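Peer 1: Here you go, one structure.
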Amino acid sequence: MNIALYIIIFMMGSVFGSFLTLATYRIPLNQDITHKHSYCPKCNHKLAFLDMLPILSYIFLKGRCRYCKAKIGPRYFIIELLSGLLFVILAMLLKINVYTLTIIKIIDFSFGALYLVFIFLIAGIDKEHHKVDKRVLIYGLSIAILYMLYQYFIDSTFNPNRFIIYLVLIAIITVISTYELKKKGKDEYELNVLILCIIMTFFTYEVATIISIIVTLLIVGIKIIINKILNKRKKYIIETKMQPIAFYLCIANILTVIYIISFSR
């Protein structure tokens with residue numbers, strides 16, 4: 001019975017993963033992500049139901065479009081697979097099975113799933129466009145506020161002061177970011193990353209966020225050193241600003257949370 005439950009959860013996760021590949025492609029292009037029919041980005045042909053089956057369609061079509069035979073990037077398959085696996089891992093970390101399935105567990109899992117969607121969107125867009133999209137940050141902040149209200153109503157010992165302080169910080173950073181946008185005509189990447197860190201703290205708390213930041217800085221530092229060594233003859237220097245910090249931060253946060261929960265039992 002538990003295996004059947006985890007298979008269903010995996011399928012749910014892979015469906016979310018399929019949606020995330022669509023969203024990370026369309027959001028930077030300001031395209032509709034809910035009403036516009038899925039299409040091949042190469043030939044613009046509308047995709048049929050069998051073309052959009054998570055994981056399976058990629059395998060059966062051998063990584064190519066059914067209509068124009070253009071090669072489909074492996075990231076679609078990878079994201080769908082990872083999303084499914086992370087949903088299963090989330091269920092296991094919350095100790096969800098057929099015997100413990102309650103309304104509270106389902107709500108906790110739902111918030112966790114929504115947070116994973118947020119993380120995937122931030123990471124995917126940053127990896128492709130070196131950008132932390134404000135609309136995705138607003139989505140993340142919205143579910144963070146809902147999570148805070150949920151905790152307030154179900155936990156009599158819950159203290160909202162910590163969350164309120166973070167909301168004030170986000171408001172201050174947003175004002176500064178808006179000023180910089182009007183002044184320079186572009187978003188400040190670093191300020192958006194800072195807001196991302198605060199939203200992460202809503203869900204994964206301070207320790208996990210701090211560890212995620214440290215791991216991210218180590219990754220960026222190591223990558224810069226390696227690139228400097230490999231490109232020494234060309235005198236080519238990789239600037240820190242060009243590193244997909246939000247992408248690394250999201251990966252580090254997921255791995256950190258899994259590690260903390262797994263080894264704290």
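Peer 1: Please go through the stretch 156-171 and give me each residue that is outside any helix (DSSP H, G or I) and among the hydrophobic types (A, V, I, L, M, F, W, C), ordered by number.
Peer 2: Kept after step one, since they are outside any helix (DSSP H, G or I), are these residues of the stretch 156-171: 156-160.
Scanning the stretch 156-171 gives a single hit, PHE158.
Peer 1: Restricting the search to the stretch 16-49, which residues are among the β-branched types (Val, Ile, Thr) and surrounded by fewer than 18 Cβ atoms within 10 Å (Cβ to Cβ)?
Peer 2: Pass one, the stretch 16-49, residues among the β-branched types (Val, Ile, Thr): 21, 24, 27, 33-34.
Hits for the stretch 16-49 are ILE33, THR34.
Peer 1: Something else: How about the stretch 81-114: which of its residues are crowded, with 16+ Cβ neighbours inside 10 Å and of a type in the set (S, T, N, Q)?
Peer 2: SER83
Peer 1: Name the residue that is farthest from ILE27 (Cα to Cα), counting only residues in the stretch 120-141 that are touching a residue at least 40 places away in the same chain (Cβ under 8 Å) and among the aliphatic types (A, V, I, L, M).
Peer 2: Step one: filter the stretch 120-141 for residues touching a residue at least 40 places away in the same chain (Cβ under 8 Å), giving 120-137, 140-141.
The next check asks that each one be among the aliphatic types (A, V, I, L, M); those that pass are 121-123, 125, 132, 136-137, 141.
Working: LEU121: 9, ILE122: 11, ALA123: 13, ILE125: 8, VAL132: 11, VAL136: 9, LEU137: 12, LEU141: 17 Å.
This residue is LEU141.
Peer 1: I'm trying to understand the selection: among the residues of the stretch 52-80, which are surrounded by fewer than 18 Cβ atoms within 10 Å (Cβ to Cβ) and not in a loop (DSSP other than H, G, I, E, B)?
Peer 2: LEU56, ILE59, PHE60, ARG64, LYS71, ARG75, ILE78
Peer 1: Right, ALA144: touching a residue at least 12 places away in the same chain (Cβ under 8 Å), in a helix (DSSP H, G or I) and among the small types (Gly, Ala, Ser) or not? Break it down stepwise before answering.
Peer 2: Numbers: touching a residue at least 12 places away in the same chain (Cβ under 8 Å): yes; in a helix (DSSP H, G or I): yes; among the small types (Gly, Ala, Ser): yes.
Judged against the criteria, ALA144 is a match.
Peer 1: Moving on. For SER110, which of the numbered conditions (1) under 21 Å from LEU20 (Cα atoms); (2) in a loop (DSSP other than H, G, I, E, B) fails to hold?
Peer 2: Every listed condition holds for SER110 apart from (2).
Peer 1: With respect to ILE8, determine if the residue is within 30 Å of ILE199 (Cα to Cα) and surrounded by 18 or more Cβ atoms within 10 Å (Cβ to Cβ). Break it down stepwise before answering.
Peer 2: Details: within 30 Å of ILE199 (Cα to Cα): yes; surrounded by 18 or more Cβ atoms within 10 Å (Cβ to Cβ): no.
Spelling it out, it is not the case that ILE8 is within 30 Å of ILE199 (Cα to Cα) and surrounded by 18 or more Cβ atoms within 10 Å (Cβ to Cβ).
Peer 1: Just to be sure I understand, how many residues within the stretch 162-184 are touching a Leu at 6+ places or on another chain (Cβ under 7 Å) and either at pLDDT 85 or above or over 15 Å from LYS134 (Cβ atoms) (or both)?
Peer 2: Here the count works out to 3.
Peer 1: Enumerate the pairs (first residue in the stretch 42-59 and more than 16 Å from GLY13 (Cβ to Cβ) and touching a residue at least 12 places away in the same chain (Cβ under 8 Å); second residue anywhere and part of a loop (DSSP other than H, G, I, E, B) and not hydroxyl-bearing (Ser, Thr, Tyr)) with beta-carbon separation below 6 Å, excluding pairs fewer than 6 apart on the same chain, so at least 6 apart or on different chains.
Peer 2: LYS42/CYS68; LYS42/ALA70; CYS43/CYS68; ASP51/ARG66
Peer 1: Just one of (1) modelled with pLDDT of 80 or more; (2) of a type in the set (A, V, I, L, M, F, W, C); (3) farther than 21 Å from ASP108 by Cα trips up MET200, so point out which.
Peer 2: Looking at each condition in turn, MET200 falls short on (3).
Peer 1: While we're looking at this one, here's another question. What number goes with the only condition from (1) assigned to a helix (DSSP H, G or I); (2) surrounded by 13 or more Cβ atoms within 10 Å (Cβ to Cβ); (3) without any contact (Cβ under 8 Å) to a residue 40 or more places away in the chain; (4) of a type in the set (A, V, I, L, M, F, W, C) that ALA208 does not pass?
Peer 2: (3)
Peer 1: Pick from the stretch 125-136 the residues that are surrounded by fewer than 23 Cβ atoms within 10 Å (Cβ to Cβ) and not basic (Lys, Arg): which of them is nearest to ILE195 (Cα to Cα)? Outline the logic, then answer.
Peer 2: Our first condition is that a residue be surrounded by fewer than 23 Cβ atoms within 10 Å (Cβ to Cβ); within the stretch 125-136, this holds for 127-131, 133-135.
From what's left, not basic (Lys, Arg): 128-130, 133.
Numbers: GLU128: 20, HIS129: 18, HIS130: 16, ASP133: 11 Å.
Within the stretch 125-136, the match that is nearest to ILE195 (Cα to Cα) is ASP133.
The values are calculated or read from the model by the stated rules, or taken from the named source; none is laboratory data. From a predicted model like this one, the values you see are computed outputs, not experimental measurements. Quick reminder, even Gly has a Cβ in these numbers, built from the backbone with ideal geometry, and neighbours come from all protein chains shown.
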